[in-house]
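Report on the following structure.
The values are calculated or read from the model by the stated rules, or taken from the named source; none is laboratory data. All values reported here derive from a predicted model rather than from experimental measurement. Using ideal geometry, Cβ is built from the backbone for each residue, glycine included, and neighbour counts are taken over all protein chains shown. For the accessible areas, the whole protein counts, side chains as well, though only heavy atoms, and no ligand, DNA or RNA atoms are used. Shrake-Rupley method; radii C 1.70, N 1.55, O 1.52, S 1.80 Å.
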Amino acid sequence: MKKALIYICLIVMAITFLYPFFWMIMASLTPEKLIGSLTFIPDSFTFDNYLAMFGKIPIGRALLNSMFVSSVITLGVILIGAMVGYALAKTRFMGRNFIFYLIIFTMTLPFQITLIPNYITIVKLGWVDQYTALIIPFLVNNFAILMFRQSFMSVPQALIDAARIDGCSELRIIFQVLFPSIIPTIVTVGILTFMTTWNEVLWPLIVVRDEMVMTMPQLVTLFSVGGRADAQLGVKLASAVLLALPIMIAYSFFQKYFIQSMASSGIK
């Protein structure tokens, strides 16, 4: 009985969480005049909302922009985070602990505090309306550094010493010797970074004005609140579905590693 009650509670919570996404998808496939009466499954399906959306905004270009920007940032965060995390975990140098605690402290500061200095820097470098303005400020991620440091701390020092005796450089130790043993951490950092970057709206709104460089969340936000959707709820929902779809697909493939890393790192 106890086990049955647990499963019932989990099912109810899952339905509560998933129903809004299900309704959003169904409503995007429903004719505009029938969306208000939609309860579960629409009486008729249509792709007119998606066709109208593609006709109003360059959503395909924005999708490619977001994929490019998010992928480059994710790769950069993994590489830089791994190198910094390894240095803080397995090398000895003066001020190592101070740097580590400073990194933890900066995690408490919201990104909005640095908006003005970062924007001034971007303007002086001439990066406005360029991909570099969307990528460079996010390449160093404090959370990624912390995750990699904690993972490398659990790796036996004897493994690293053996690799050094064999003539491996520090970079080779990181990416060839240690990486295969911390796959869950790499996947977790990758998923979280990709999700955070994909959903970022505020910074692109500040540094990008060219529609051909806009990311998908930025373009969808301007489309939904800027009047170009002509108050058509179905078109807005269609753009929201396309915005959420890549994240849902990525998480469905890598959720096993994500949960495993969260459990093994002590973050509940």
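Filter region 207-242 for residues that are part of a loop (DSSP other than H, G, I, E, B), open to solvent by less than 30 Å² (accessible area, probe 1.4 Å) and of a type in the set (A, V, I, L, M, F, W, C); which is modelled with the lowest pLDDT? Filtering first and then ranking leaves Ala229. Taken as a whole, region 167-186 holds at least one residue that is in contact with a Cys (Cβ under 7 Å, 6 or more places away or on another chain) and either at pLDDT below 90 or assigned to a helix (DSSP H, G or I) (or both).
Taking the listed residues Val72, Val77, the one that is open to solvent by less than 10 Å² (accessible area, probe 1.4 Å), within 27 Å of Ala244 (Cα to Cα), hydrophobic (A, V, I, L, M, F, W, C) and under 20 Å from the mean Cα position of the chain (by Cα) is Val77, with no other qualifying. Every test in (1) over 14 Å from the mean Cα position of the chain (by Cα); (2) open to solvent by less than 10 Å² (accessible area, probe 1.4 Å) is passed by Leu51 save one, and that test is (2).
Within region 12-48, track down each residue that is farther than 13 Å from Gly234 by Cα, over 27 Å from the mean Cα position of the chain (by Cα) and β-branched (Val, Ile, Thr). Answer for region 12-48, where residues must be farther than 13 Å from Gly234 by Cα, over 27 Å from the mean Cα position of the chain (by Cα) and β-branched (Val, Ile, Thr): Val12, Thr39, Ile41.
Among the candidates Phe40, Phe98, Phe93, the residue that is among the aromatic types (Phe, Trp, Tyr), within 30 Å of Arg164 (Cα to Cα) and in a loop (DSSP other than H, G, I, E, B) is uniquely Phe93. In region 191-206, the residue that is farthest from the chain's Cα centre (by Cα) out of those that are surrounded by fewer than 21 Cβ atoms within 10 Å (Cβ to Cβ) and part of a helix (DSSP H, G or I) is Ile206.
In region 144-166, which residues are in a helix (DSSP H, G or I), open to solvent by 60 Å² or more (accessible area, probe 1.4 Å) and under 14 Å from Leu88 (Cβ atoms)? Those that are in a helix (DSSP H, G or I), open to solvent by 60 Å² or more (accessible area, probe 1.4 Å) and under 14 Å from Leu88 (Cβ atoms): Gln150, Met153. Thr30 satisfies every condition listed in (1) part of a helix (DSSP H, G or I); (2) under 22 Å from Ser224 (Cα atoms); (3) touching a helix residue (DSSP H, G or I) at 6+ places or on another chain (Cβ under 9 Å) except (1). Checking the conditions here, which among Lys124, Lys90 is of a type in the set (Lys, Arg) and open to solvent by less than 60 Å² (accessible area, probe 1.4 Å)? The match here is Lys90.
The set of residues from region 174-206 being over 27 Å from Phe111 (Cβ atoms), free of Cβ contacts under 8 Å to residues at least 40 places away in the same chain and β-branched (Val, Ile, Thr) comprises just one member, Val177.
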